[in-house]
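Take a look at the structure set out below.
The values are calculated or read from the model by the stated rules, or taken from the named source; none is laboratory data. What you see is a predicted model, and the numbers here were worked out from it, not measured in a lab. Neighbour counts are summed over all protein chains in view; Cβ atoms, including those assigned to glycine, are modelled from backbone coordinates with ideal geometry. With ligands, DNA and RNA removed, areas are computed over all heavy atoms of the protein, side chains included. Shrake-Rupley method; radii C 1.70, N 1.55, O 1.52, S 1.80 Å.
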Amino acid sequence: MKEIDRREFLYGISAVGLGFVAAGRGYSAATMSPIDIEEKSIVELQSMMTSGEASAKGIVEAYLRRIESLDKQINSIIELNPDALSIAEQMDRERREGKVRGPLHGIPVVIKDNVDTADKMKTTAGSLALLNAPTPKKDAFIVRRIREAGGVILAKTNLSEWANFRDNDSISGWSARGGQTRNPYILDRNPCGSSSGTAAAIAADFAAVGIGTETDGSIVCPSSVCGIVGLKPTIGMVSRFGIIPIAHSQDTAGPMTRSVADAAVLLTVLNAADPDDKVTSEKRREPIDYTKHLLADGLKGVRLGAVRNYWGRRKEVDRVMEASLDVLRKAGAEIIDVRIDSIGKFGAAEFEVLLYEFKTDLETYLAERGGDHRTLEDLIRFNEDNANRQMPYFGQGIFEAAAKKGPLTSKEYKDARELCIRLTRSEGIDGVMNKERLDALVAPSNAPTWMIDTVNGDCGSGYVSSSSLAAVAGYPNITVPAGFARELPIGISFFGKAWSEAKLIEIAYSFEQQTKVRRRPKMLPTYE
């Protein structure tokens, strides 16, 4: 396999700049028209295109210029789409002809590099093992939905390799193909993972909106530590077809955006039944326009359970959270303190479930994709044979453990899954919400993120994370910027019962409008 320098692959040699990526289209950073796209929402970008102030092509060019200028510091983009400009031009032609597909028409979107695209871009999960794998036979279902809605797939983003399921001593935001993504607020800090590149790219204004995926925390954590909104939907709302899997019981894709309003637009597009992912049909609900739930008074009369299990770990997090609870109360919410006894008791069972499902689900994906590597054992051997490039900082202990697991009919798997369901649902979210008659639960999303450490891997001292309860239950969770601690973002999470996305968006949007905490990242080299 020919080794390709990542930046050469992305941008070509410096003398030709963006013209290389454009596959001969002949545009360059020097000739692009200046369009102000920083911190622009979908609504604002649509207004610019409707008025003629900007075109989809001009907006795409502006984002490409920003990526070329700034992503050398952040390293969030793993590959640019060489067809992005031509797609934007098509959207402009349709607009001139009076056809506007919807609010996503002409809007640049970045997607994580574990989401299949049947185009000129690669889908690798950040691993060199898939760099020369066959192009997927068709787009992931969610990519089809974005394209049909008029979205412009601008680029693929870096991620924690294999969605952070290769080794327990991994470094979030690092992949063998893409290298290390950095937090755009303080560049020597970790962006969390596994949707690291999407979070960093959206925070840094490299696209309008982005797609991440989550098994447990991989949307919520990077979104919160990079100061953006992240929405992990109910399992069954968004198709997983064409997404490199970890575990079908917890995997989902979801929006990563700078505002709740943009997340609502993107979720409305993604929410659809897919015959290739039967859970989306089995648990189908009527289509919802989530933008209708962007209510400024969405907190009035709402009962929220503050999950106090997550308080008392970091003073700066508690300070942000108590200020947030005051905002919620002033906006009309009633806050009820709750504790959930099952928190901290299902981690081992969850990991067992993930190991079993990873082996089965990944090997199913690899067999369908084709290529040289069709089993976990194949990937393990590839990593061993290419250890200097694939494993310079950490090993593949999770791969090796998963490869030893049996079928999903195993009693060990079934028992672990049953325990997970019981502890996170009837003895978790459903139990406490029914008992206290709650509309949603609230908790801190994160603590200040840790330093990037290639020796010790992820090592967040006193870290706070509340994602697991909703992730294991398969229930929705939305994180919104809530404050800062020493220049690092702190997020607040609202989560609840299955299919409660509409209510969570009402709550999150109202909180966001009351606070408007998000601010642009400064890209500080370090904290002094």
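For this structure, a couple of remarks:
- Whether segment 106-204 is rounded, prolate or oblate, judged on the alpha carbon gyration tensor where a/c under 1.5 counts as rounded: oblate
- FRET efficiency, 1/(1 + (r/R0)^6) with R0 51 Å, evaluated for ASP169 and ASP326 via beta carbons: 0.80
- Solvent-accessible surface of segment 211-324, averaged per residue with a 1.4 angstrom probe and all protein chains in place: 30 square angstrom.
- Cα-based convex hull volume of segment 427-469 per residue, rounded to whole Å³: 87
- For the chain: relative contact order, % (alpha-carbon pairs under 8 angstrom, 6 or more apart): 16
- Taking every alpha-carbon pair in segment 286-377 and binning the separations at 5 Å intervals from zero gives 2, 10, 11, 11, 11, 10, 12, 11, 10, 8, 4, 1 percent.
- With only the Cα atoms considered, segment 245-318 has a convex hull volume of 193 Å³ per residue.
- Gap separating the Cα centres of segment 304-329 and segment 44-69, nearest whole Å: 39
- Gap separating the Cα centres of segment 104-141 and segment 260-291, nearest whole Å: 21
- Carbon/sulfur fraction of accessible area - segment 49-174, other protein chains in place, 1.4 Å, %: 45
- Globularity index of segment 197-347, i.e. its alpha-carbon radius of gyration over 2.2 N^0.38 Å: 1.15
- Accessible area (Å², per residue) of segment 453-528, counting only protein heavy atoms and a probe of 1.4 Å: 36
- Model label points for SER69 and LYS516, set 7 angstrom from Cα along the Cα-to-Cβ axis, are 2.4 nm apart.
- Per residue, the solvent-accessible area of segment 142-205 (1.4 Å probe, heavy atoms of protein chains only, all protein chains present) comes to 16 Å².
- With 0.36 nm allotted per residue and the present C-alpha distance subtracted, the GLU418-ASP341 stretch has 26.0 nm of extension available.
- Here is the list for segment 445-528: trypsin sites (Lys or Arg not before Pro) lying in DSSP coil, each with at most 16 other C-beta atoms within 10 angstrom of its C-beta, are ARG486, LYS516, ARG519, LYS522.
- Directionally averaged projected area (convex hull, Cα atoms, segment 471-528), nm²: 5.1
- Cβ crowding within 10 Å averaged over residues, with 361-372, 435-446 ranked highest first: 435-446, 361-372
- Protection proxy ranking, highest mean first, for peptides 200-206, 140-146: 200-206, 140-146, where packing is the per-residue count of other beta-carbon atoms within 10 Å, averaged.
- Remark: relative contact order (segment 175-286) = 24 percent; criterion is Cα-Cα distance under 8 angstrom and separation of 6 or more residues.
- Length released on extending from LEU408 to SER86, taking residue separation times 0.36 nm less the Cα-Cα span: 111.4 nm
- Cβ-Cβ FRET estimate between GLU38 and ASP453, R0 fixed at 25 Å, reported to 0.05: 0.20
- The relative contact order of segment 458-528 comes to 27 percent, based on Cα pairs under 8 Å that sit 6 or more residues apart.
- Tensor-based shape of segment 300-349 (alpha-carbon gyration tensor, a/c under 1.5 rounded, otherwise prolate or oblate): oblate
- The Cα atoms of segment 151-209 define a convex hull whose projected area, averaged across directions, is 4.2 nm².
- With N the number of residues in segment 337-438, Rg(Cα) / (2.2 N^0.38 Å) evaluates to 1.43.
- If the convex hull is drawn through the Cα atoms of the chain, its volume per residue in Å³: 139
- Once the Cβ-Cβ distance of ALA348 and GLU94 is raised to the sixth power relative to R0 = 41 Å, the FRET efficiency obtained is 0.20.
- Residue-level accessible surface for TRP311, protein heavy atoms, 1.4 Å, Å²: 30
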